[in-house]
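Step one of this worksheet: look at the structure below.
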């Protein structure tokens, strides 16, 4: 079933979506080292978010036209839609720097974005594994566990960071701004784990 070349286009689209997600994460992390107030990097992430929207539309069209799909239609749609949610949140996070006129990052945010890059890289690897070896791959479960562990680590960082924010920061505006930025980043990483959870469900159903 997974070797049917006519069906492979769905995995190719899912892989492309994961790669766009990773590209957006890399773009975000690289610009936190020296925040560009010219908004060029914001535009780049917005373009990637638009590309994600287009991929969702393409997948929907292909699903409507396809007689047979490699995995259930609902699962294909759910995966690409969750990828798009990740891009939406990444774009939203990037725009917060302009909205709040944030001109510098924090070590905690850089650390969280580094985890985001790693977890999106693992998403690319996960979808690639699914495409090449199918649901019977022994490596899929390991990748899902890796993603779950990274999400757990990000949760620990988020809780500690917000705790320190309220303990050490006296300016209520800064507390509001940074709590929102940290929260969006946590949501992005949570959504990455959600993609892995969907894939895990797909694997169980097709075992």
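The values are calculated or read from the model by the stated rules, or taken from the named source; none is laboratory data. Note that the structure is predicted; figures quoted are calculated from it, not measured. Note that we place each Cβ from the backbone using ideal geometry, even for glycine, and neighbour counts take in every protein chain shown.
Assorted remarks:
- Members of segment 167-181 that are assigned to a helix (DSSP H, G or I) and in contact with a helix residue (DSSP H, G or I) (Cβ under 9 Å, 6 or more places away or on another chain): 174, 175, 177, 178, 179, 180, 181
- Residues that are within 17 Å of residue 25 (Cα to Cα) and surrounded by fewer than 20 Cβ atoms within 10 Å (Cβ to Cβ), drawn from segment 92-113: 92, 95, 96, 105, 106, 107, 108, 110, 111
- The condition (being at pLDDT below 95 and closer than 19 Å to residue 188 by Cα) is satisfied by just one residue among 103, 96: 96.
- Just one of the listed residues (13, 28) is at pLDDT 95 or above and not in a loop (DSSP other than H, G, I, E, B), namely 13.
- Qualifying residues in segment 124-143 (those that are in contact (Cβ under 8 Å) with a residue 24 or more places away in the chain and under 18 Å from the mean Cα position of the chain (by Cα)) - the one surrounded by the fewest Cβ atoms within 10 Å (Cβ to Cβ): 128
- Options 88, 75, 84; residue that is in contact (Cβ under 8 Å) with a residue 24 or more places away in the chain, in a helix (DSSP H, G or I) and farther than 30 Å from residue 207 by Cα: 88
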